[in-house]
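S.K.: Please find one structure pasted underneath; my questions will follow.
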Amino acid sequence: MKLSVDLSSLWARVHQMGAEVTDFDIGTVWQDGDIEFDDELESGVDVDIEDLTSEEGILSVKGRQVILFIPDHGFKVEKALLDGSEGNKFHVADCTKLDEMRRKNSFEERYKITNNFSGEFPIYGHCANKQFLEGTAGLNVCKLCLNHLNYQGSANATVSERNEIVNQFDIEEFFSTYSSLFRKLPKQYASLAKKGYSEDWESVSADIRKKSNYVCQYCSVDLKEAKRLLHVHHRNREKSDNSPQNLIALCADCHRKEPFHGHMFIKHEDMLTINRLRGEQNVYANCDWNTVKKKADLSLHGVLNHCEKKGYKAPEVGYLLNVADRTSPLLLELAWLQRKFGIVLSDPVEVAGWTILSLEEALSFFGKNKKSTTR
């Protein structure tokens, strides 16, 4: 039965009050029916190697980005509790070390997974005098994992530079970098995202966004049709300082690329929306390396670092490829048009005359190749 309800008087009142129509995103909830699993992940969950999957090379379980670590440190536990760098490394990617352990069948069910941002891992073991010790340790990330993803240029870095990347490694920033590849945010992010803001933040930020005419003050993309993707940034990083000179309206992408904003998460479809609007509005039209890095999804920066270091030509970002047997164009995250070479953040598809790779395939291809067909 079709309902016919006249809401004109209600809308008249809404307009009279000056209320603003906004777009609501049900996807920001990011919940499914397995909420208990999210609670368990914070403290660590025993994992069966068969349940551990890879999302473009990033470790994943049930659609969630995870970290793999060994709680049992055996005789190393005493040193590890005093200095986490002496302990077993934790894994964030499906690196060659994990590959080796699979081949040797040496997992022995010793591993746990977590998505805790703290960087502190529960470990235990028996020291030299057979005394049982347990506690938490700030373990180091596996360098092979960083090289596998070329995270922050690790694969092309010097030994000292790579050591510095390890020393400065921040789990929350790492999760944020690849958040667009996953359908589920860590549960703890919801509370962290709201922490530190003043009680009147919603009205303050709404006013700043409105005064900017819903245009990003850095890249100039107009977000009137996707207002929720326009954020308000605190220039001095003090969330309690709402003075006008400290606030600026930025799109979600420009916002998370600000220094010390590695905690910000963004979904892939939101990146697609921002880049679609940038394309339609001729924002970041020039295809040079500086422009490409500003426009591309952060998860692609490992590939971009490989390409730039080896002198390859800068690619197009967010190129829509028309394919005869598809009802809608195929989105190539990165594309070298002259060579018909593209990268997607999904399962690659076959297109006649084109070479199209997934992110993980592209990392391997550009990481190994000294000479590229995309010059």
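S.K.: Among the residues of the stretch 61-83, which ones are at pLDDT 90 or above and under 23 Å from Thr177 (Cα atoms)?
M.R.: Within the stretch 61-83, Gln65, Val66, Ile67, Leu68, Phe69 qualify.
S.K.: Any idea which of Glu86, Glu50 is under 27 Å from Ser154 (Cα atoms) and either open to solvent by 20 Å² or more (accessible area, probe 1.4 Å) or modelled with pLDDT under 75 (or both)?
M.R.: One residue alone meets the criteria, Glu86.
S.K.: If only one of Asn236, Asn282 is of a type in the set (S, T, N, Q), more than 25 Å from Gln152 (Cβ to Cβ) and open to solvent by 40 Å² or more (accessible area, probe 1.4 Å), which one is it?
M.R.: On inspection, the qualifying residue turns out to be Asn282.
S.K.: How many residues, within the stretch 245-279, are open to solvent by 50 Å² or more (accessible area, probe 1.4 Å), farther than 16 Å from Leu185 by Cβ and not in a helix (DSSP H, G or I)?
M.R.: Result for the stretch 245-279: 3.
This table checks each residue for (1) at pLDDT 95 or above; (2) open to solvent by 70 Å² or more (accessible area, probe 1.4 Å); (3) touching a Gly at 6+ places or on another chain (Cβ under 8 Å); (4) closer than 23 Å to Glu55 by Cβ.
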{"residue": "His306", "(1), (2), (3), (4)": "yes, no, yes, yes"}
{"residue": "Lys309", "(1), (2), (3), (4)": "no, yes, yes, no"}
{"residue": "Lys313", "(1), (2), (3), (4)": "no, yes, no, no"}
{"residue": "Ser328", "(1), (2), (3), (4)": "no, no, no, no"}
{"residue": "Glu333", "(1), (2), (3), (4)": "no, no, yes, yes"}
{"residue": "Asp347", "(1), (2), (3), (4)": "no, yes, no, yes"}
{"residue": "Glu350", "(1), (2), (3), (4)": "no, yes, no, yes"}
{"residue": "Asn369", "(1), (2), (3), (4)": "no, no, no, no"}
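S.K.: Checking Asn167 against (1) over 18 Å from Leu82 (Cβ atoms); (2) surrounded by fewer than 19 Cβ atoms within 10 Å (Cβ to Cβ); (3) modelled with pLDDT of 95 or more, which single condition isn't satisfied?
M.R.: Of everything listed in (1) over 18 Å from Leu82 (Cβ atoms); (2) surrounded by fewer than 19 Cβ atoms within 10 Å (Cβ to Cβ); (3) modelled with pLDDT of 95 or more, Asn167 misses just condition (1).
S.K.: I would also like to ask the following. Looking at the stretch 226-244 only, could you name the residues that are over 23 Å from Thr291 (Cβ atoms) and either among the hydrophobic types (A, V, I, L, M, F, W, C) or assigned to a helix (DSSP H, G or I) (or both)?
M.R.: Lys227, Arg228, Val232, Pro244
S.K.: Looking only at the stretch 216-233, which residues are open to solvent by less than 10 Å² (accessible area, probe 1.4 Å) and either of a type in the set (D, E, K, R) or without any contact (Cβ under 8 Å) to a residue 24 or more places away in the chain (or both)?
M.R.: Passing the criteria: only Leu230.
S.K.: Right, here's the next one. More than 29 Å from Leu223 (Cβ to Cβ) and surrounded by 18 or more Cβ atoms within 10 Å (Cβ to Cβ): which single residue out of Ile343, Ile356 fits that description?
M.R.: Selected residue: Ile356, the only one of Ile343, Ile356 that is more than 29 Å from Leu223 (Cβ to Cβ) and surrounded by 18 or more Cβ atoms within 10 Å (Cβ to Cβ).
S.K.: Right, another one. Considering only residues that are aromatic (Phe, Trp, Tyr) and under 17 Å from His301 (Cβ atoms), which ones fall in the stretch 337-370?
M.R.: Within the stretch 337-370, Phe365, Phe366 meet the criteria.
S.K.: Pairs, please: C-beta under 7 Å, at least 6 apart or cross-chain, first residue more than 17 Å from Leu272 (Cα to Cα) and in the stretch 313-328, second open to solvent by 60 Å² or more (accessible area, probe 1.4 Å) and part of a loop (DSSP other than H, G, I, E, B)?
M.R.: Listed by first residue and then by second, the contacts come to Lys313/Arg375; Ala314/Asp288.
S.K.: Let me ask you something else. Please find, among Leu320, Leu334, the residue that is closer than 29 Å to Asp222 by Cβ, over 21 Å from the mean Cα position of the chain (by Cα) and not in a helix (DSSP H, G or I).
M.R.: None of the other options fit; the residue is Leu320.
S.K.: Could you tell me whether the stretch 121-136 includes any residue that is part of a loop (DSSP other than H, G, I, E, B), crowded, with 19+ Cβ neighbours inside 10 Å and in contact (Cβ under 8 Å) with a residue 24 or more places away in the chain?
M.R.: no
S.K.: Then there is this: Name the residue, out of Ser205, Ser180, that is within 25 Å of Thr291 (Cβ to Cβ), in a helix (DSSP H, G or I) and not aliphatic (A, V, I, L, M).
M.R.: Ser180
S.K.: Another question, if that's okay. So which residues in the stretch 147-156 are of a type in the set (Gly, Ala, Ser) and buried (at least 20 other Cβ atoms within 10 Å of the Cβ)?
M.R.: Ser154, Ala155, listed by residue number.
The values are calculated or read from the model by the stated rules, or taken from the named source; none is laboratory data. Note that the structure is predicted; figures quoted are calculated from it, not measured. A quick note on method: Cβ atoms are made from the backbone with ideal geometry, for glycine too, and the neighbour counts reach across all protein chains shown. To get the accessible areas, we keep the full protein, side chains included, count just its heavy atoms, and leave off ligands, DNA and RNA. Shrake-Rupley method; radii C 1.70, N 1.55, O 1.52, S 1.80 Å.
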